[in-house]
Structure formats: C-alpha cells, structure tokens
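Below: the structure, in structure tokens.
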Amino acid sequence: MHIHRYERWWMIFGLTMLVAFAATIFVAAIADNINPPSGAQRIDPTKVASTPPFDHPGLYKRPDGTYDAYYVAQVFMFTPSKLTVPLGSTVTFYVTSSDVVHGFEVARTDVNMMVIPGWVNDATHTFTRAGTYLLVCNEYCGIGHQNMYGTIEVK
Ligand code: CUA
C-alpha cells in the first residue's frame, strides 16, 4: 500500500503528539506526585457514620491550641450545621461525604474543597475576623443542593 509522503508525515506528527500528551500526564501524575488534595486519607463512604472521628462530627481542640473540625457532607446538609469557633483560632477542617460529590466552601476565606465519597479532604484557616461565616456546598449534588449550607460563628 502506498502512503503519500505528506500523509505519512501527518501520521507521524499525530502519533508524536499523542505520545507527548500521554508523557505529560504521566510526568505530572508521577514525578510531581499529583493526587486528590488530601493525599492519602481514605474512608469507606458507606460507613462514615460509624467511622471515628466522623461518628462524632464537630470541633475538637488539639494540645497545641489549634482546632480540628470534622464535617460530614450528605444530601442536603452538613453535620454539624452550626459551629462556634473562638476568634483568632486556627482550624483544620476535615470533611468527607457519605453519598455523592459535594463542595465545602467557607465564604470570605480560602477554604474551598471538593468533597469526594471515599476520601477525606482537609484545609486549614485562621479566623482573625469575628462574625458569622457561611458554609456552602458549591458542587451541584441534587434537587436540594441550594439548601445545603451551614454557619460558622467566630467570636
Ligand atoms: Cu451538596 Cu450541593
């Protein structure tokens, strides 16, 4: 079968681009160690309600004075829905989902995470301004998505 010279060049160009794109993905994933944001914290999404510490979501003080806040996202609520945090405190939010993909955004802060079933995501923020912060789900998760919110009171 005769393949025209230009057509052969074009095929070689196309295959070269495919290899280059695949190599880019592998380099990014392996060499740069790109993973879901929280890295390696897995959880069985069907057993969230019985897996510590998500069996008792809420705010916990660490020995160093900072806080851990454990949240469960599910259609169409966050648990806890209300949280009170002392002014000036540094809080690490840990969040997981027991059903579908949700969002976890604390408005007016840089806390903005995707909540993926099977994974625990985390983000840390220091609350230096008093007030009521809105916690919203920013991933469309179903018919009641717009009602999925909570509040964080800093005082
Ligand atoms: Cu949960 Cu949108």
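Structure values in brief
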{"quantity": "Which of Gly144, Tyr6, Ile25, positive extreme of dipole for the chain (C-beta unit charges)", "calculated": "Tyr6"}
{"quantity": "Equivalent ellipsoid, the chain (semi-axes from 5 times Cα gyration tensor eigenvalues, Å)", "calculated": "43, 18, 16"}
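Bear in mind these aren't lab numbers, they're just calculated from the coordinates by the rules spelled out. Remember, predicted model here, so these are calculated numbers, not experimental data. In this analysis, Cβ positions are derived from the backbone assuming ideal geometry, glycine residues included, and neighbour counts consider all displayed protein chains.
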